[in-house]
1. Quick one: what pairs do we get from region 47-63, first residue more than 13 Å from L85 (Cα to Cα), second open to solvent by 70 Å² or more (accessible area, probe 1.4 Å) and among the hydrophobic types (A, V, I, L, M, F, W, C), C-beta under 9 Å, 6+ apart or different chains?
2. Of all residues in region 90-107, how many are on the phi > 0 side of the Ramachandran plot and crowded, with 16+ Cβ neighbours inside 10 Å?
3. Return the residues of region 37-71 that are over 15 Å from T96 (Cβ atoms) and charged (D, E, K, R); say none if nothing qualifies.
4. Could you grab the pairs with beta carbons closer than 9 Å, sequence gap of 6+ or different chains, first residue in region 26-38 and within 15 Å of G58 (Cβ to Cβ), second one small (G, A, S) and in a loop (DSSP other than H, G, I, E, B)?
5. Which residue pairs have Cβ atoms under 8 Å apart, sit 6 or more places apart or on different chains, and have a first residue in region 80-107 that is closer than 24 Å to D61 by Cα and a second that is at pLDDT below 90 and assigned to a loop (DSSP other than H, G, I, E, B)?
Amino acid sequence: GINAEYGYFIQTNLRMAASNTSANPSTLLPLELVDKCIGSRMHMTMKNDREIVGVLLGFDDFVNMVLEDVTEYETTPEGRRVTKLDQILLHGSNITMMVPGGEGPVG
C-alpha cells in the first residue's frame, strides 16, 4: 500500500544520506526530506503506541514538529481511541517513524 511505498522511500533516502554525500550532490538528507513535507499530511508513529496524523507546519533541528488538523490514534485495552486536535507539538525524541502523505492506521 501507500504507507509501505513511503516507508521504502524514507528508508532509501536515509541510506543515501548515510553514504558519502560529496560523491553524489543529489543526495537528500533526512532533514531536507522533512523540509519538503511542510504543508503536507504526515503519519507519525510514536514511542507510546500512539499514531498521529496531521499537516506539518514546521520543525526544528531536533525534529520537534508542529502539526495542524490532527487526529491522534491511541490503542487501549478497550480498543482504539481517536482524538481530534487543532494543533499539536510533538517532541522529536518520541517519534519513531514518519510517513509523508500517510493517512493513518487502517482497520
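The values are calculated or read from the model by the stated rules, or taken from the named source; none is laboratory data. Quick caveat, the model's predicted, so the values are computed rather than measured. Note that each Cβ is placed from the backbone with ideal geometry, even for glycine, and that neighbours are counted across all protein chains shown. Each accessible area value is taken on the protein alone, full model and side chains, heavy atoms only, with ligands, DNA and RNA left out. Shrake-Rupley method; radii C 1.70, N 1.55, O 1.52, S 1.80 Å.
1. From region 47-63, the pairs are L56/I38; L57/I38; G58/I38; F59/I38.
2. Within region 90-107, the first condition is being on the phi > 0 side of the Ramachandran plot, and the residues that meet it are 101, 104, 107.
In the following step, the residues that additionally are crowded, with 16+ Cβ neighbours inside 10 Å were identified as 104.
So the answer is 1.
3. Scanning region 37-71 gives R41, D60, D61, E68, D69.
4. Pairs found: C37/G101.
5. N94/N48
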